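Heads up, the thing below is written out as structure tokens.
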Amino acid sequence: MNLSDAVHARHTVKAFDGGRALPQAQIDTLLTVLHQTPSSVNSQPWHYVVAATPEGRARIAKATTGAYAYNQPKVLNASHVIALCMHADLDEAHLKAVLEQEARDGRFVADGAREAQDKTRRSYVAQHRYELRDVPQWMEKQVYIALGGLLLGAATLGIDATPMEGFDARALDLELGLRERGLTSVVLVALGYRSDENDFNAKLPKSRLPREQVFTFV
Ligand SMILES: Cc1cc2nc3c(=O)[nH]c(=O)nc-3n(C[C@H](O)[C@H](O)[C@H](O)COP(=O)(O)O)c2cc1C
């Protein structure tokens, strides 16, 4: 689907078709979208947990009870559910891992390029740590860039999707053992085939504020 058609055709799916599985090739393409997401100073402060089986989706669904129960059928009946997670800290080990990967990928051609890149990245990290004191928010913003890419990528492939902030992040972190790994969950995306019968949102028009309210041209 071309971009223009995709942005109009997509909507947040409110009911999926009984766990019907998406083709693996399409999932692989979307995982590549996540993997290739750009981030500030190439910090890549994310991790993705992909639930591709009924058992995996059931584990994620444990975080959609109580006030979040409205999202549980979406989690259970999607094809795949991806938990977009972030690192709780931008620690030394992660900074070193990113630098080493850049070296392996052949980024440092010129003399001193490696040191310059490390210094620049660390200066941004120090600014967010000590002046702005917003390292977690900064990392979370990068995860939301990944979310945007994933939703647009899914729309372009004609894949139905539901972004969800409506889940118990603590419960999910504990269920998936994320905190032991220095990770915490940010947002879920369910992917699959919408239920023609029950996805009420498919029949509703989308609603956006008027263009003139949203754009200023200077
Ligand atoms: C970050 C984010 C979190 C959202 N969380 C939920 C959610 O928990 N459950 C849900 O049904 N929809 C959720 N939505 C869907 C929004 O309500 C929806 O995107 C918005 O109303 C615009 O409608 P559209 O996506 O159909 O264009 C979320 C959307 C975003 C971007």
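The values are calculated or read from the model by the stated rules, or taken from the named source; none is laboratory data. Bear in mind that the values here come from a model prediction, so they are computed numbers and not experimental data. Glycine also receives a Cβ, built like all others from the backbone with ideal geometry; neighbour counts cover every protein chain displayed. Surface areas here come from the heavy atoms of the whole protein model, side chains and all, with no ligands, DNA or RNA. Shrake-Rupley method; radii C 1.70, N 1.55, O 1.52, S 1.80 Å.
With viscosity set to 1.002 mPa s at 20 °C, what whole-number translational diffusion coefficient in µm²/s follows for the chain from Stokes-Einstein and a Kirkwood radius over Cα pairs? After rounding, the answer is 113 µm²/s.
If you find the alpha carbon centre of the range 1-50 and of the range 141-218, how far apart are they in angstrom? With the range 1-50 and the range 141-218 each reduced to a Cα centre, they are spaced 9 Å. Note on the range 65-110: with charges restricted to the Cβ of Lys and Arg (+1) and Asp and Glu (-1), its dipole about the Cα centre is near 280 debye. Rounded to the nearest Hz, the phi-derived 3J(HN,Hα) couplings of the range 66-83 under the Karplus curve 6.51 cos²θ - 1.76 cosθ + 1.60 (θ = phi - 60°) are x, 5, 9, 4, 4, 8, 4, x, 5, 5, 6, 9, 6, 7, 10, 10, 10, 8, where x marks glycine and proline.
Surface composition of the range 91-173: carbon and sulfur make up 52 percent of the accessible area, probe 1.4 Å.
Projecting the Cα atoms of 67, 101, 22 onto the charge dipole of the range 1-116, computed from C-beta unit charges around the Cα centre, puts 67 farthest toward the positive end.
Would you mind calculating the gained length between residue 25 and residue 144 on full extension (0.36 nm times residue separation, minus the Cα-Cα distance), in nm to one decimal? Write down the numbers at each step before the final one.
On the way: separation 119, 0.36 × 119 = 42.84 nm, distance 2.37 nm.
Residue separation times 0.36 nm, minus the Cα-Cα distance, leaves 40.5 nm.
Computed over Cα pairs, the Kirkwood radius of the range 62-114 leads via Stokes-Einstein (1.002 mPa s, 20 °C) to a diffusion coefficient of 143 µm² per second. Kirkwood radius for the range 35-152, taken over all pairs of different Cα atoms as the inverse mean of 1/r, rounds to 16.4 Å. Between residue 36 and residue 122, the simple label model (points 7 Å from Cα in the Cβ direction) yields a spacing of 3.2 nm. Per residue, the average separation of C-alpha pairs within less than 8 Å and at least 6 apart gives the chain a relative contact order of 38 percent. Checking the Cα-Cα distances for 74/96; 62/203; 14/141; 74/203 against a 27 Å cut-off, the pairs over it are 74/96; 62/203. In the range 109-218, Cα pairs under 8 Å separated by at least six residues give a relative contact order of 19 percent.
Over the range 111-218, with a single point scatterer placed on each C-alpha, what log10 of the ratio I(q)/I(0) does the Debye formula yield at q = 0.10, 0.12, 0.14, 0.24 1/Å? Values, matching the q order: -0.54, -0.74, -0.93, -1.27.
Computed over the chain with a Gaussian network model linking Cα atoms closer than 10 Å, the most mobile of 104, 133, 179 is 104. Applied to the range 99-115, the Karplus parametrisation 6.51 cos²θ - 1.76 cosθ + 1.60 on θ = phi - 60° returns per-residue 3J(HN,Hα) values of 4, 4, 5, 4, 5, 4, 7, x, 6, 9, 8, 6, 4, x, 5, 5, 5 Hz, with x for Gly and Pro.
In a reduced charge model with +1 at each Lys and Arg Cβ and -1 at each Asp and Glu Cβ, the chain shows a dipole moment near 320 debye about its Cα centre. Rounded to the nearest 10 square angstrom, residue 1 shows an accessible area of 110 square angstrom against a 1.4 Å probe.
Ordered by packing density, taken as the mean number of other Cβ atoms within 10 Å over each peptide's residues, highest first, how do 13-26, 181-194 rank? Show your work: numbers first, answer last.
Values: 13-26: 15.9, 181-194: 21.3.
The densest-packed peptide leads the list: 181-194, 13-26.
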